[in-house]
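Here's the structure, in structure tokens; my notes come after.
Here, each number is a calculation from the coordinates, and none is a lab measurement. Computed from a prediction, not measured in an experiment: that's the story for all the values here. Neighbour counts are summed over all protein chains in view; Cβ atoms, including those assigned to glycine, are modelled from backbone coordinates with ideal geometry.
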Protein chains: 2
Amino acid sequence: MSELLSEAALDQLFRTARTFNAWLPKEVSDAQLHQLYELAKFGPTSANSSPTRLVFVKSKEAKDKLAPFLSEGNRAKTLAAPVTAIVATDYAFYEKLPQLFPHADARSWFVGNQPLIDTTAFRNGTLQGAYVIMAARALGLDCGPMSGFDNAGVDATFFAGSTVKSNFLVNIGYGDASRDLFPRSPRLAFDEACRIA
Amino acid sequence: MSELLSEAALDQLFRTARTFNAWLPKEVSDAQLHQLYELAKFGPTSANSSPTRLVFVKSKEAKDKLAPFLSEGNRAKTLAAPVTAIVATDYAFYEKLPQLFPHADARSWFVGNQPLIDTTAFRNGTLQGAYVIMAARALGLDCGPMSGFDNAGVDATFFAGSTVKSNFLVNIGYGDASRDLFPRSPRLAFDEACRIA
């Protein structure tokens with residue numbers, strides 16, 4: 001049976017973790033990006049559909065391609081981040097179900113049912129995006145997620161001719177708490193957001 | 001600066017965590033559900049919009065109300081789980097932005113823009129659902145998330161007359177690994193799901 005994680009781990013994952021807007025000049029290695037995926041991939045998805053696709057934008061060339069599609073307020077911090085993950089979703093995820101869910105014909109649950117495809121793709125692609133954020137924090141990295149950008153432009157540039165569409169962006173690196181870190185915004189109290197029935 | 005969590009913590013959160021279908025006869029206390037929310041609430045959302053609403057279905061009466069809307073394959077395990085969280089989304093989340101994002105008039109970004117409201121609600125409501133799963137695991141609890149149920153029926157029963165709609169369900173308790181635990185399904189390899197650009 002599992003135990004409560006340490007207070008330090010709970011802080012790192014949730015309580016003191018913050019959305020960073022400035023980054024220390026410290027590289028995130030390709031090996032760390034592999035480690036990140038090798039954790040995040042295990043988070044649960046519906047029928048193990050695993051629709052998220054990730055582009056880790058790291059080179060100057062790729063950052064320059066991304067730049068025109070960032071909103072004004074997100075551009076400088078994103079270009080300065082060691083890595084920007086494009087969290088995207090493959091809307092033809094069901095074509096991989098024979099591989100990912102081999103014990104049933106799960107592909108047939110989706111083919112021809114576009115509303116179910118769209119909902120499953122968006123919901124599970126987003127769940128996996130959250131697992132990416134949590135995995136980065138578990139590895140000691142900081143995140144800055146954003147949804148303010150030109151999705152169609154990013155899709156045409158990074159996913160042309162495919163069934164993959166961008167969902168949101170996550171800057172990844174080592175946050176610089178001395179710059180552009182806003183005070184923590186308030187959260188809803190338990191009774192405002194939850195009830196026990 | 002944060003450090004890599006311990007191998008045991010990475011296992012508990014990701015690598016050995018599983019979707020459980022059977023539960024040990026061990027209660028989840030109301031205090032644990034409060035602890036869970038007090039962690040999950042800190043996960044990042046767009047403009048701190050925090051649209052997720054949670055109903056922790058725990059009593060026999062509330063389980064009986066939920067039962068008719070569960071798919072056949074999900075019913076018995078859900079009725080047996082110590083708690084079933086209805087992860088729901090408030091589509092009028094923007095009405096709380098003056099409280100949640102006090103430093104700008106974020107409410108005005110949404111009012112009258114229904115596509116932006118719908119996308120923001122679904123994306124961020126789902127992100128917070130993933131934070132609930134990760135927070136439960138961090139507390140030593142196990143999860144069994146599901147999207148196979150009658151959303152409209154659940155909404156009419158638990159959220160009538162409100163702007164809240166169900167997203168997915170998460171059974172929460174202490175998993176019984178000796179019963180109904182399927183072999184781990186394969187995940188996509190790094191190169192199938194990711195690229196470094």
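Based on the alpha-carbon gyration tensor of the range A:2-73 and its eigenvalue square roots a ≥ b ≥ c, which shape applies: rounded if a/c is under 1.5, prolate if not and a/b is larger than b/c, or oblate?
Because a/c hits 1.5 or more and a/b fails to exceed b/c, the range A:2-73 counts as oblate.
For A:His103, place a label point 7 Å out from Cα along the Cα→Cβ vector, do the same in each other copy, and report the separations in nm, one decimal, smallest first.
Relative to the other copies, A:His103 has label-point distances of 4.9 nm.
Is there a simple number for the mean count of other chain Cβ atoms within 10 Å of the Cβ of residues in A:117-126, and what is it?
3
Near A:Val154, within a Cβ-to-Cβ distance under 11 Å, what is the net charge of the other residues, with Lys and Arg +1 and Asp and Glu -1?
With Lys, Arg at +1 and Asp, Glu at -1, the net is 0.
Placing +1 at every Lys and Arg Cβ and -1 at every Asp and Glu Cβ, with all other atoms neutral, what dipole size does the range A:83-180 have around its Cα centre, in debye to the nearest 20?
Roughly 180 debye for the range A:83-180.
I'd like the mean, over residues of B:3-12, of how many other protein chain beta carbons sit within 10 Å of each residue's own Cβ.
Going residue by residue through B:3-12 and averaging, the value is 6.
Gap in Å between the Cα centre of the range B:1-63 and the Cα centre of the range A:154-196?
Cα centroid of the range A:154-196 versus Cα centroid of the range B:1-63: 19 Å apart.
Between Rg and the Kirkwood Rh of the protein assembly as shown, both from Cα atoms, what is the Rg to Rh ratio?
Dividing the radius of gyration by the Kirkwood radius yields 0.94.
How many nm is it between the label spots at A:Ala152 and B:Arg179, if each spot is 7 Å from the Cα in line with the beta carbon?
With each label placed 7 Å out from Cα toward Cβ, I get 5.4 nm.
How big is D for the range B:33-173, in µm² s⁻¹ as a whole number, if Stokes-Einstein is applied with the Kirkwood radius of its Cα pairs at 37 °C and 0.692 mPa s?
Translational diffusion coefficient: 211 µm²/s.
I need the phi-derived Karplus couplings for the range B:81-87: 6.51 cos²θ - 1.76 cosθ + 1.60, θ = phi - 60°, integer Hz, Gly and Pro marked x.
6, x, 9, 10, 8, 8, 8
Which is farthest toward the positive dipole end of chain B among B:Pro186, B:Leu54, B:Pro25, measuring Cα position about the Cα centre, with Cβ charges +1 (Lys, Arg) and -1 (Asp, Glu)?
The residue sitting most towards the positive pole is B:Pro25.
Longer than 28 Å from Cα to Cα, which of B:Lys41/B:Lys165; A:Lys165/B:Lys165; A:Lys26/A:Lys63; A:Lys96/B:Lys26; B:Lys96/B:Lys165; A:Lys65/B:Lys41 are they? Say none if no pair is.
The answer is A:Lys96/B:Lys26; A:Lys65/B:Lys41.
Using only the Cα atoms of the range A:75-115, what are the Rg and Dmax in Å?
Cα radius of gyration and Dmax of the range A:75-115 are 16.8, 47 Å respectively.
Relative contact order for chain A: what percent, with Cα pairs under 8 Å and sequence separation of 6 or more?
35 percent.
Would you tell me the mean number of C-beta atoms belonging to other protein chains that fall within 10 Å of each C-beta in B:92-104, as a whole number?
Across B:92-104, the average partner-chain Cβ count within 10 Å equals 2.
Consider a paramagnetic label point 7 Å from the Cα of B:Glu38 along Cα→Cβ; state which residues of the range A:1-42 have an amide N under 20 Å from it.
A:3-18
Summing Lys, Arg as +1 and Asp, Glu as -1, what charge do residues with Cβ under 10 Å from the Cβ of B:Asp176 carry, B:Asp176 excluded?
Value of the local net charge: 0.
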